[in-house]
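Comments concern the structure below.
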Amino acid sequence: MKNSLRKLRPVAALLLAFLLPVLHAAAQPANQPEMADTLRQSGKIYVVVAVITVVLAGLLFFLISLDRRLTRLEKEIQE
Amino acid sequence: MYSMKKNWWKALSVVLLLYVAVAGLLMPVPRLAILNETIRNLYFHVPMWFGMTFVLLASVYYSVRYLRNPTPELDIQAHESARTGILMGFVGLATGSIWAKYTWGAWWTNDPKLNGAAIAMLIYGAYLVLRSSFTDEQQRARISAIYNIFAFATAMPLFYILPRLTDSLHPGAGGNPAFAKYDLDSNMRLVFYPAVIGWTLLAFWLAQLASRVSLLKLKLYEKQLA
């Protein structure tokens, strides 16, 4: 009895090996809302993030320097 | 010198906006049909309206102060805050329109939330027209301060109350539970709240810069007269 159970173990493992990917696929049905998963997997999303960050940082830096120039002008007018 | 004591909120705005640009694109969001990745617009479209509301509220505050104590400085601050608010509002309308096209299928729908926002923007457009129709500065300042208070009192129900009383496609109107459902997604909250604070601070920054330029112009004009 014990022996036959032990013999069945590889069979069960093989069954599981076949079943698990199917279960995994079933857990994520194909009709799930589509997202930009490929863009994220390939890492190209970081290119977009980098470009947007550089543009935003440039604009904000410009705003800061504008603020400083105004502060200087305000002091000049006060004198 | 440029003091951090006075300008710390501008630095905060810079940090938050840079964070929102990165986290807004990278942080996980719920997988929802129709919205898909466009749900990330929440971090950019909605803060426009928050920024607009707060900067218009500041404008009303300056207008009330002007009526109690009429100085050209307060008039300038009320005017430039209102202008910044109007800019934010139009950006809000434009971004909403783009978002609507790709989720509802039309650039504009006759939705109470959309039409309410459009009417409110027209009311504020009339504020700018009204201002430009006076030659006397004190008259302009006084009458537009009064109009500004009424404009705010009329616009806010159009934005936030009337659309909730009827059916609407727009989240946060009619039977729609706003984005409360998705806000409860703690990942989105981590980006949405900083976005609201960051963009609102930016609105105040822009209004302050515009006011300072107008004030400089006024002082220069006074010096030339003297």
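Rounded to whole numbers, the Karplus 3J(HN,Hα) couplings from phi for the range B:90-104 are 5, 5, x, 5, 5, 5, x, 5, 4, 4, 4, 4, 8, 10, 9 Hz, using 6.51 cos²θ - 1.76 cosθ + 1.60 with θ = phi - 60°, and x at Gly and Pro. Taking 21 Å as the cut-off for C-alpha to C-alpha distance, list the pairs among B:K5/B:K223; B:K5/B:K219; A:K75/B:K219 that go past it. B:K5/B:K223; B:K5/B:K219, as the Cα separations exceed 21 Å there. Distances between placed amide hydrogens fall under 5 Å for B:T166 paired with B:G174, all partners being 5 or more residues away or on another chain.
What's the local net charge at B:S168, with K and R +1, D and E -1, over the other residues with C-beta under 14 Å away? Surrounding charge for B:S168 is 0.
Per residue, the range B:45-225 exposes 51 Å² of solvent-accessible protein surface, assessed with a 1.4 angstrom probe and all protein chains in place. By a 1.4 Å probe calculation restricted to protein chains, B:H45 has an accessible surface near 20 Å², given to the nearest 10.
Computed in the context of the full set of protein chains, the accessible area of the range B:45-225 at 1.4 Å probe radius has 66% of its extent on carbon or sulfur.
Electrostatic tally near A:V48: other residues with Cβ closer than 13 Å to its Cβ, Lys and Arg +1, Asp and Glu -1, net +2. Pair-distance distribution P(r) for the range B:45-225, from all Cα-Cα distances in 10 Å bins starting at 0: 10, 33, 33, 17, 7, 1 percent.
Whole Å is fine, so just give me how far the alpha carbon centre of the range A:44-59 lies from that of the range B:83-161. Here the answer is 31 Å between Cα centres. Among B:R68, B:R212, the sequence by solvent-accessible area, most first, with a 1.4 Å probe is B:R68, B:R212.
Sequence-ordered 3J(HN,Hα) estimates for the range A:42-56 from the Karplus curve with 6.51, -1.76 and 1.60 and θ = phi - 60° stand at 6, x, 5, 4, 5, 5, 5, 4, 4, 5, 4, 5, 5, 4, 5 Hz, glycine and proline given as x. The mean number of Cβ atoms from other chains found within 10 Å of a Cβ in peptide B:24-37 is 3, as a whole number. For chain B, the relative contact order works out to 33 percent when only alpha carbon pairs closer than 8 Å and six or more residues apart are counted.
Mind telling me which of B:L216, B:L12, B:L67 comes out most flexible in a GNM of chain B, alpha-carbon contacts under 10 Å? Of B:L216, B:L12, B:L67, the Gaussian network model singles out B:L216 as fluctuating most. A helix-only calculation puts the protein assembly as shown at -27500 deg cm²/dmol for mean residue ellipticity at 222 nm, using -39500 (n - 2.57) for each DSSP H run of at least four residues, averaged over all residues.
Heavy-atom accessible area, probed at 1.4 angstrom with all protein chains present, ranks A:L15, B:L225, A:L56 as B:L225, A:L15, A:L56, highest first.
The values are calculated or read from the model by the stated rules, or taken from the named source; none is laboratory data. Only a predicted model underlies this, so the values are computations on that prediction, with no experimental measurement involved. Virtual Cβ from ideal backbone geometry, glycine too; neighbours counted across all protein chains shown. Just the protein is used for accessible areas: all its heavy atoms, side chains included, with ligands, DNA and RNA removed. Shrake-Rupley method; radii C 1.70, N 1.55, O 1.52, S 1.80 Å.
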